[in-house]
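These notes concern the structure reproduced below.
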Amino acid sequence: MLARVANNLFWMGRYIERSEHLARFLNVNYFSSLDAPDELSQSRQFVLRSVMYMSANEIIDADITLEEEAVLFNVGLNLEQPYSIVNTFINAHENARSSRDLISTELFECINRINHSFKGYPIEKFVKSGLYEFTSMVTQSASEVRSKIKGTLLHDEVYAIIMLGVYLERAIQVSRIINSKLSDVAAAKEIYGDVIDGSYQWSTLLKCVSTHDMMRSFYKKTPSRKTTLEFIILNGKCPRSIKSCLYQIYKYICIISKNRQITDDSAAFLIGKMKADFEYKLITDIEDNIEEFIADLIEHLVLIADKLEDNYFNISDAIVKPDVKVATEVKKQTQKQ
């Protein structure tokens, strides 16, 4: 397989997963705020700043008033914004088109149909009343594409490369969502102190990564800081947890690197090392400095993505730089907070 084609498959998986997480985060944060228990969490400005922090990695000062329709348009349908949901799926479509010979007709037609529906969604409807419909359509479409990947492709190296991209992107996006909600909790505590226990924000975090019901089933109690973070970071049975993603990343890197020599600075070595580190990690090891842990986690995941491209896909810096910048900025912002 050509490195260029492998790169297309890898990024197709990443962009599909990224579009789903962006859409769900926008949906959950916007509509959950309508029933929020405190004035800050109900504030539309607070919600919009949180959305911009997660999607565009921008910290908006509290004294700047954001225009709701402009923010929703930029995050949802603005073709000129590289972080927009529609641009993310367009990129997935372009990568699928470039690797057309290696994927099934059913998968390509699915991606092609969804791409046209996203690009043709009315902007006026979206910013006025179509937010729920559009974001729900994106999350359902991403699930449909993944089902086509799992159900119509041979489970060989092509499948392994796509799923490697999916699970790496999932780990990065879940980490960024955690980072964003930690920032929201810190802002609420600064205003209300210990009067607010943060259970609303923890519930919102769980819903953003589709783990709320299973977390309640697992712990049999209301989400708290400790149980929420433990579940979505360290629970290997939760398919959306960081630990579970690392297991899957390790599984698929073993498939595509079986004929390669593993050096101590290779992607396969870094993935194995991180998986082993998570194997025996406890929430008590990280809860006291969770912000720093998440910032370092994002940085290491982006480093793994960089190494994967160097080792297997021979990618130019043009693709790597945006994510490297995100990781660096997240670490700096977390340290400032």
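The values are calculated or read from the model by the stated rules, or taken from the named source; none is laboratory data. All values reported here derive from a predicted model rather than from experimental measurement. Don't worry about glycine lacking a Cβ; one is built from the backbone with ideal geometry, like all the others, and counts go over all protein chains shown. For accessibility, only protein heavy atoms count, side chains too; no ligands or nucleic acids. Shrake-Rupley method; radii C 1.70, N 1.55, O 1.52, S 1.80 Å.
Taking the criterion of being out of contact with any Leu (no Cβ under 8 Å at 6 or more places or on another chain), under 27 Å from Ser43 (Cβ atoms) and open to solvent by 30 Å² or more (accessible area, probe 1.4 Å), would at least one residue in the range 89-97 satisfy it? No, because not a single residue in the range 89-97 is out of contact with any Leu (no Cβ under 8 Å at 6 or more places or on another chain), under 27 Å from Ser43 (Cβ atoms) and open to solvent by 30 Å² or more (accessible area, probe 1.4 Å). Hey, does the range 252-262 have a residue that's among the polar types (S, T, N, Q) and in contact with a Ser or Thr (Cβ under 9 Å, 6 or more places away or on another chain)? Checking the range 252-262: at least one residue is among the polar types (S, T, N, Q) and in contact with a Ser or Thr (Cβ under 9 Å, 6 or more places away or on another chain).
Among residues of the range 149-183 being open to solvent by 10 Å² or more (accessible area, probe 1.4 Å) and of a type in the set (D, E, K, R), the one that is nearest to Cys254 (Cα to Cα) is Glu157.
Can you confirm whether Lys237 is of a type in the set (D, E, K, R), in a helix (DSSP H, G or I) and either open to solvent by 40 Å² or more (accessible area, probe 1.4 Å) or in contact with a strand residue (DSSP E or B) (Cβ under 9 Å, 6 or more places away or on another chain) (or both)? The answer is no for Lys237.
A quick yes/no check of all residues on (1) in a helix (DSSP H, G or I); (2) open to solvent by less than 60 Å² (accessible area, probe 1.4 Å); (3) closer than 30 Å to Leu154 by Cβ; (4) not aromatic (Phe, Trp, Tyr):
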{"site": "Gln261", "(1), (2), (3), (4)": "no, no, yes, yes"}
{"site": "Asp264", "(1), (2), (3), (4)": "no, no, no, yes"}
{"site": "Leu270", "(1), (2), (3), (4)": "yes, yes, yes, yes"}
{"site": "Lys275", "(1), (2), (3), (4)": "yes, yes, yes, yes"}
{"site": "Lys281", "(1), (2), (3), (4)": "no, yes, no, yes"}
{"site": "Ile286", "(1), (2), (3), (4)": "yes, yes, no, yes"}
{"site": "Asn289", "(1), (2), (3), (4)": "yes, no, no, yes"}
{"site": "Glu292", "(1), (2), (3), (4)": "yes, no, no, yes"}
{"site": "Asp296", "(1), (2), (3), (4)": "yes, yes, no, yes"}
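So if I check each of His155, His116, which one is modelled with pLDDT of 95 or more and outside any helix (DSSP H, G or I)? That would be His155, the only listed residue that is modelled with pLDDT of 95 or more and outside any helix (DSSP H, G or I).
This table checks each residue for (1) among the β-branched types (Val, Ile, Thr); (2) at pLDDT 95 or above; (3) under 23 Å from Phe31 (Cβ atoms).
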| residue | (1), (2), (3) |
| --- | --- |
| Leu168 | no, yes, no |
| Val185 | yes, no, yes |
| Asp194 | no, no, no |
| Tyr200 | no, no, yes |
| Val209 | yes, yes, yes |
| Lys220 | no, no, no |
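Against the numbered list (1) touching a helix residue (DSSP H, G or I) at 6+ places or on another chain (Cβ under 6 Å); (2) touching a residue at least 24 places away in the same chain (Cβ under 8 Å); (3) open to solvent by less than 60 Å² (accessible area, probe 1.4 Å); (4) among the hydrophobic types (A, V, I, L, M, F, W, C), Leu102 comes up short only at (3). If I filter the range 298-318 down to residues being outside any helix (DSSP H, G or I) and on the phi < 0 side of the Ramachandran plot, which single residue comes out as most open to solvent (accessible area, probe 1.4 Å)? Here the residue is Ser316.
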